[in-house]
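S.K.: Mind looking over this structure? Questions follow.
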Amino acid sequence: MKVGIACHPTVGGSGVVATELARALAEGGDEVHLMSYAVPPRWTWAGPRLFFHEVAVAQYPLFEYPPYDLALATKMVEVARQHRLDLLHVHYAVPNAVAAILARQILAPQPIKVITTLHGTDITLVGNDPSYAETTRFGIVQSDLVTAVSEALKRATHETFQIQTPIEVVPNFIDPRRFHEAIERGRGQRFGAPGERILAHVSNFRPVKRVADVVSIFHRVASEIPSRLLLVGDGPDLPRAERQARELGVRDRVDLIGTVANIEDVLAHVDLFLLPSEIESFGLAALEALSCEVPVIASDVGGLPEVIRDGENGYLRPLGDVEGMAEAALALLRDEDRRRAFGVAGRRWAETRFSREDVVARYRATYQRVVGTSSKRSAPA
Ligand code: GMT
């Protein structure tokens, strides 16, 4: 199969999933052309069937906002014509789905299918904004097939847009080998002083992640047991988190790691992962923590209960329940046998439910199914 994949190259799970999927498909024999305005963070060369096409956005003094969606659609047309693509698989509906529908229209009569994978904020925060809602809805209903990364996101999409479009749930995935190797590499080494417990949070530090809750939970934990907090990633709320840590008197126990490509090598040294998000359609960062045998304390929202099993590999607490999350964290950190058992259970769960092999096979099956059907080109919205 010849597949074009479009994604956002910024730090965020959707770009990670698109890049990892591109690599897995290419390794499995498909020809994959990834399109974006920059190389995504986890991009590595994976052999002769994997290509990157940069979407160049022409600047002109007339444009205060250069039209990226048009440049992307143009690139899709160009790549699809040159390489005779069978389908375009876009990750994150805004604006990638509409760009793909436009490309499909321009390419006619050359047949090409459009699959849109919804990731979360493209529905819950951005796509439902009045300035994007109608075009997001159009992109979804006009796609030949739509997938969502969780049941919760599927429900949210149907409710938000009041549509009946069938949506297939294909979850995010991890490559168990990567995490297994990192655990092995990390054995016998530790961050911090002897006896210190290590908590971590990985995100793009946007308001939806509630980083203030992360720092408050850590402050509460650190007041009872020696511990450190690793803040991994970057984003607008990171300076505020740093300020909060200083005000609470724990700044010297908070390490800012920045954005890293080999997240598994950090997680391999972590005792507990915190994800108290406001909304989270899936929580790829939580899945990566579980894969490294790190239990997760998170808010009971969105798709997180589909990834974290309360009382088995972590704890879910109501949104904003900082005290409850701190108590849960302390309970695990004070009981090393239970923490380890949660860690082992988490990794087993991640490997059986979210393994790269199974999930990529599901995507491949959807490709084969959709390429064999007639296009939605003129379907009513
Ligand atoms: O978290 C974000 O705001 C970024 C967004 C993205 O582009 O990656 O994340 C969403 O997609 C991830 C990959 O499917 C999911 O794991 C995240 O849960 C989801 N974020 C939210 O729903 C807030």
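S.K.: Local charge sum around V32 (other residues, Cβ-Cβ under 9 Å, Lys/Arg +1, Asp/Glu -1)?
M.R.: +1
S.K.: Among rounded, prolate and oblate, which fits the range 166-245 when a ≥ b ≥ c are the square roots of the eigenvalues of its C-alpha gyration tensor, a/c under 1.5 means rounded, and a/b larger than b/c means prolate?
M.R.: oblate
S.K.: Now a separate question. Kindly provide the chymotrypsin sites (Phe, Trp or Tyr not before Pro) of the range 55-139 that DSSP labels as loop, not H, G, I, E or B, and whose Cβ sees at most 10 other Cβ atoms within 10 Å.
M.R.: Working: sites: F63, Y68, Y92, Y132, F138; in loops: F63, Y92, Y132.
Counting only loop positions with at most 10 other Cβ atoms within 10 Å, the chymotrypsin sites (Phe, Trp or Tyr not before Pro) in the range 55-139 are F63.
S.K.: Let me ask you something else. Take the Cα atoms of the chain, build their convex hull, and give its volume per residue in Å³.
M.R.: Output value, Cα hull per residue: 139 Å³.
S.K.: OK, next. Normalised by the residues of the range 240-371, what does the relative contact order come to in percent, with Cα pairs under 8 Å and at least six apart? Before the final figure, lay out the partial values.
M.R.: Working: 159 pairs, mean separation 26.7, N = 132.
Computed value for the range 240-371: 20 percent relative contact order.
S.K.: Order of 206-219, 154-167 by packing, highest average Cβ count within 10 Å first?
M.R.: In descending order of packing, they fall as 206-219, 154-167.
S.K.: In whole Hz and in residue order, list the ³J(HN,Hα) couplings for the range 140-156 that follow from phi through the Karplus curve 6.51 cos²θ - 1.76 cosθ + 1.60, θ = phi - 60°; x for Gly and Pro.
M.R.: 6, 5, 8, 5, 6, 7, 10, 10, 10, 7, 7, 4, 4, 6, 4, 4, 4
S.K.: Over the chain, what relative contact order in percent results from Cα pairs under 8 Å that are six or more residues apart?
M.R.: Values: 742 pairs, mean separation 53.3, N = 381.
Relative contact order, the chain: 14 percent.
S.K.: Report the label-to-label distance for H158 and R185 in nanometres (one decimal), using points 7 Å from each Cα along the Cα→Cβ vector.
M.R.: Taking the two extended label points, one gets 4.3 nm.
S.K.: Going Cα to Cα from K154, which aspartates and glutamates come in below 19 Å? Please leave out same-chain ones fewer than 8 positions away.
M.R.: Straight-line reach from K154, under 19 Å: D122, D129, E134, D144, E168, E278, E280, D300, E306.
S.K.: If you don't mind, there's one more thing I want to ask. Could you please report the charge total around E159, scoring K, R as +1 and D, E as -1 over all other residues with beta-carbon less than 13 angstrom from its beta-carbon?
M.R.: Spelling it out: positives minus negatives among the neighbours equals +2.
S.K.: Compute the Rg to Rh ratio over the range 1-54 from the alpha carbon atoms, using the Kirkwood formula for Rh, and round to two decimal places.
M.R.: 0.92
S.K.: Leaving out same-chain residues fewer than 8 places away, which aspartates and glutamates sit with a Cα under 12 Å from that of K75?
M.R.: Cα-Cα hits under 12 Å: E54.
S.K.: What residues have an amide H closer than 5 Å to that of A148, excluding those fewer than 5 places away on the same chain, when H is modeled at 1.01 Å from N in the peptide plane?
M.R.: Here the answer is L118, E168, V169, V170, since their amide H atoms fall under 5 Å of that of A148.
S.K.: Continuing with this model, one more query. What is the range 1-89's relative contact order, in percent, from Cα pairs under 8 angstrom and six or more apart in sequence?
M.R.: Here the relative contact order equals 35 percent.
S.K.: I'd like the distance between the alpha-carbon centres of the range 208-285 and the range 1-58, rounded to an integer number of Å.
M.R.: Using only Cα atoms, the two centres lie 29 Å from each other.
No value in this document is a laboratory result; all are computed from the given coordinates. None of these values were measured; they are calculated from a predicted model. Counting neighbours? That spans all protein chains shown, and the Cβs are built from the backbone with ideal geometry, glycine included.
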